[in-house]
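K.L.:
Below is the structure I would like to discuss, written out as structure tokens.
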Amino acid sequence: MVSTTLNTVTEEASKAPAILIENLGKSFNFGRIKVLDDVSLRVADGDIFALIGPNGAGKTTLMGCMLALLRPSRGRIRIFGKPPDHIDVRRVTGFLPERPSFENWMNPREFLTFHQMLAGRSSDQAAKKEIDDALAAVELENVARRQIAKFSRGMLQRLGLAQVLIGKPKLCFLDEPTSGMDPPGMEMVRNILKRFRKDGVTVVINSHHLDEIERVCTRFAFIRKGKIETEEAISTLNRKLLIAKWPEEEKPDIDLLTRVLTECGVTLADQNDGYAKILLTNRHDGPKVIERLVQSGIRLDEVFFDRRSLSELFRPAVQQQSTQTSAAIKEENEQ
Ligand SMILES: Nc1ncnc2c1ncn2[C@@H]1O[C@H](COP(=O)(O)OP(=O)(O)OP(=O)(O)O)[C@@H](O)[C@H]1O
Ligand SMILES: [Mg+2]
């Protein structure tokens, strides 16, 4: 039964992307709180796709819409060519929520058996092996008979991931799977994602751990204030940082440098006595920026591209909005 559905969905996937979102909008409180604004996105089958952005940007809300847990106010979502609440989609979808909740009185083994039964599986040898494998994958074998109520936050996250694994999903939504995880836990999540990638499972992951995202994801979208600002392959992060070195004795006028860069639509990320780090929005902007710097009389010794990390790319934006969020919370508290 499940395998027939899997085949159907896989056939659909060859024609349709895993996820297609068109002009999605989501508001709460009868339109008063606008959270998602004209979001369009395409996630290919087999992508490990990261949604990154500051707190309150709309990542969890977007995931909720993709999972049909929230009804969009506008726009359209298709998963393997079907509406997100279609039974064929639900059957092949796994989900680790931002705040997972469990049957706390059970132990992990009972909990996973219970969820296998809810999914219509009989508890045969194969099902038991699946549970053993999932517990081993999340390194919870040693506490498989301990009551879940006594678990730490990171252990609960691990159990949530085990629950996702036993469903053998074709599409997975993981909302901050590494939150509360210690470094070995992060590595464990990384290994699970690598396994998903090898098996062709499509994953959408929300995370603030940008270094981890960079290591395992294939694409990312940066979302801020409910809008997708950037969407690209992780591989294109190369050649987005331009390093411009000036002669030792000729430090340029930094105001002039900043003005020229602003005119070119790029940002001065950092500068010290010897060089400027320039953040490009498009890697093809490099030659134009160099030409304008030289035309404006800034003497340069050496210019080269460097790899730009995700955190370098988005730290200014994240900090800016975090400050705004903190200010808004402070204002609310003072009222
Ligand atoms: N049910 C709701 N009613 C009203 N506002 C909501 C509701 N759910 C979310 N929001 C608001 O929508 C915005 C986006 O929330 P969301 O949880 O999607 O952000 P996020 O990007 O996942 O943030 P985080 O990184 O903190 O998890 C926030 O301002 C939040 O307060
Ligand atoms: Mg969230």
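K.L.:
Quick check: is even one residue across segment 52-62 of a type outside the set (Ser, Thr, Tyr) and open to solvent by 50 Å² or more (accessible area, probe 1.4 Å)? Steps first, answer last, please.
P.N.:
From segment 52-62, those of a type outside the set (Ser, Thr, Tyr) are 52-59, 62; that's our starting set.
If we keep only those that are open to solvent by 50 Å² or more (accessible area, probe 1.4 Å) too, we end up with 55-56.
The answer is yes, given that some residue of segment 52-62 is of a type outside the set (Ser, Thr, Tyr) and open to solvent by 50 Å² or more (accessible area, probe 1.4 Å).
K.L.:
Does residue 223 fit the bill of being at negative phi, hydrophobic (A, V, I, L, M, F, W, C) and outside any strand (DSSP E or B)?
P.N.:
Numbers: at negative phi: yes; hydrophobic (A, V, I, L, M, F, W, C): yes; outside any strand (DSSP E or B): no.
Here the answer is no, as residue 223 does not meet what is asked.
K.L.:
Go over the candidates 90, 99 one by one and state the one that is more than 13 Å from residue 173 (Cβ to Cβ), of a type in the set (D, E, K, R) and open to solvent by 60 Å² or more (accessible area, probe 1.4 Å).
P.N.:
On the way: 90 fails: more than 13 Å from residue 173 (Cβ to Cβ).
Selected residue: 99, the only one of 90, 99 that is more than 13 Å from residue 173 (Cβ to Cβ), of a type in the set (D, E, K, R) and open to solvent by 60 Å² or more (accessible area, probe 1.4 Å).
K.L.:
Next up: Pull up segment 204-230, narrow it to residues that are away from ligand 1 (no atom under 11 Å from the Cβ) and polar (S, T, N, Q), then point me to the one that is farthest from residue 26 (Cα to Cα).
P.N.:
Restricting to residues being away from ligand 1 (no atom under 11 Å from the Cβ) and polar (S, T, N, Q), the top hit is 218.
K.L.:
If we keep just the residues of segment 232-249 that are surrounded by 17 or more Cβ atoms within 10 Å (Cβ to Cβ), part of a strand (DSSP E or B) and modelled with pLDDT under 90, which is farthest from ligand 1 (Cβ to nearest atom)? Working first, answer last.
P.N.:
Filtering segment 232-249 for residues surrounded by 17 or more Cβ atoms within 10 Å (Cβ to Cβ) gives 234, 237, 240-242, 244, 246.
If we keep only those that are part of a strand (DSSP E or B) as well, we get 241-242, 244.
Narrowing the set further to residues that are modelled with pLDDT under 90 leaves 241-242.
Values: 241: 25, 242: 30 Å.
Among them, the one singled out is 242.
K.L.:
Might you check whether a residue that is acidic (Asp, Glu) and either assigned to a loop (DSSP other than H, G, I, E, B) or open to solvent by less than 20 Å² (accessible area, probe 1.4 Å) (or both) occurs anywhere in segment 181-189? Steps first, please.
P.N.:
Of the residues in segment 181-189, the ones acidic (Asp, Glu) are 182, 187.
Subset that is either assigned to a loop (DSSP other than H, G, I, E, B) or open to solvent by less than 20 Å² (accessible area, probe 1.4 Å) (or both): 182.
There is at least one residue in segment 181-189 that is acidic (Asp, Glu) and either assigned to a loop (DSSP other than H, G, I, E, B) or open to solvent by less than 20 Å² (accessible area, probe 1.4 Å) (or both).
K.L.:
Just name the residue that is nearest to residue 186 (Cα to Cα) out of those in segment 129-146 that are open to solvent by 70 Å² or more (accessible area, probe 1.4 Å) and in contact (Cβ under 8 Å) with a residue 12 or more places away in the chain.
P.N.:
Residue satisfying both the conditions and the ranking: 139.
K.L.:
Looking at 121, 99, which is the one that is assigned by TED's automatic domain parsing to the domain that holds residue 31, away from ligand 1 (no atom under 16 Å from the Cβ) and basic (Lys, Arg)?
P.N.:
Numbers: 99 fails: away from ligand 1 (no atom under 16 Å from the Cβ).
None of the other options fit; the residue is 121.
K.L.:
Condition first: farther than 20 Å from residue 195 by Cα and in a loop (DSSP other than H, G, I, E, B). Now tell me which residues in segment 127-155 satisfy that.
P.N.:
144, 145, 146, 147, 151, 152
K.L.:
What number of residues within segment 235-270 are touching a residue at least 60 places away in the same chain (Cβ under 8 Å) and at negative phi?
P.N.:
Taking segment 235-270 as the starting set, the residues that turn out to be touching a residue at least 60 places away in the same chain (Cβ under 8 Å) are 237-243.
Those left that are additionally at negative phi: 237-238, 240-243.
Total meeting the criteria: 6.
K.L.:
Using beta carbons and a limit of 6 Å, which pairs, at least six apart or on different chains, have the first residue in segment 277-292 and in contact (Cβ under 8 Å) with a residue 24 or more places away in the chain and in the same structural domain as residue 260 (by TED's automatic domain parsing) and the second one basic (Lys, Arg) and surrounded by fewer than 17 Cβ atoms within 10 Å (Cβ to Cβ)?
P.N.:
Going by the 6 Å Cβ cut-off, the qualifying pairs are 283/239.
K.L.:
Of everything in segment 293-312 that's basic (Lys, Arg) and under 36 Å from the mean Cα position of the chain (by Cα), which residue is least open to solvent (accessible area, probe 1.4 Å)?
P.N.:
308
K.L.:
Has segment 172-179 got at least one residue that is among the aliphatic types (A, V, I, L, M), more than 27 Å from residue 129 (Cβ to Cβ) and crowded, with 22+ Cβ neighbours inside 10 Å?
P.N.:
So the first thing to find is which residues in segment 172-179 are among the aliphatic types (A, V, I, L, M), and the list is 174.
Those left that are additionally more than 27 Å from residue 129 (Cβ to Cβ): none.
Looking through segment 172-179, none of the residues is among the aliphatic types (A, V, I, L, M), more than 27 Å from residue 129 (Cβ to Cβ) and crowded, with 22+ Cβ neighbours inside 10 Å.
K.L.:
Would you confirm whether or not segment 208-217 contains a residue that is in a strand (DSSP E or B) and crowded, with 22+ Cβ neighbours inside 10 Å? Steps first, answer last, please.
P.N.:
First pass over segment 208-217, keeping only residues in a strand (DSSP E or B): none.
No - not one qualifying residue is present in segment 208-217.
K.L.:
Going by what's in this entry, would residue 49 be described as within 22 Å of residue 134 (Cα to Cα), modelled with pLDDT of 95 or more and either touching a Lys or Arg at 6+ places or on another chain (Cβ under 7 Å) or assigned to a helix (DSSP H, G or I) (or both)?
P.N.:
Details: within 22 Å of residue 134 (Cα to Cα): no; modelled with pLDDT of 95 or more: yes; either touching a Lys or Arg at 6+ places or on another chain (Cβ under 7 Å) or assigned to a helix (DSSP H, G or I) (or both): yes.
No; evaluated as a whole, the condition is false for this residue.
K.L.:
Can you list residue pairs whose Cβ atoms sit under 7 Å apart, with the first residue in segment 62-88 being in the same structural domain as residue 29 (by TED's automatic domain parsing) and the second being away from ligand 1 (no atom under 15 Å from the Cβ) and among the basic types (Lys, Arg)? Count only pairs 6 or more apart in sequence or on different chains.
P.N.:
81/15; 88/82
K.L.:
For the subset of segment 63-87 comprising residues that are within 14 Å of ligand 1 (Cβ to nearest atom) and over 16 Å from residue 164 (Cβ atoms), which member is surrounded by the fewest Cβ atoms within 10 Å (Cβ to Cβ)?
P.N.:
If we filter segment 63-87 for residues that are within 14 Å of ligand 1 (Cβ to nearest atom), which is where we start, we get 63-67, 69-73.
Now narrow it down to the ones that are over 16 Å from residue 164 (Cβ atoms): 64-65, 70-73.
On the way: 64: 22, 65: 24, 70: 18, 71: 9, 72: 22, 73: 16.
This residue is 71.
The values are calculated or read from the model by the stated rules, or taken from the named source; none is laboratory data. Owing to the predicted nature of the structure, the values given are computational and were not obtained by experimental measurement. Cβ sites come from the backbone with ideal geometry, for glycine too, and all protein chains shown count toward neighbours. Just the protein is used for accessible areas: all its heavy atoms, side chains included, with ligands, DNA and RNA removed. Shrake-Rupley method; radii C 1.70, N 1.55, O 1.52, S 1.80 Å.
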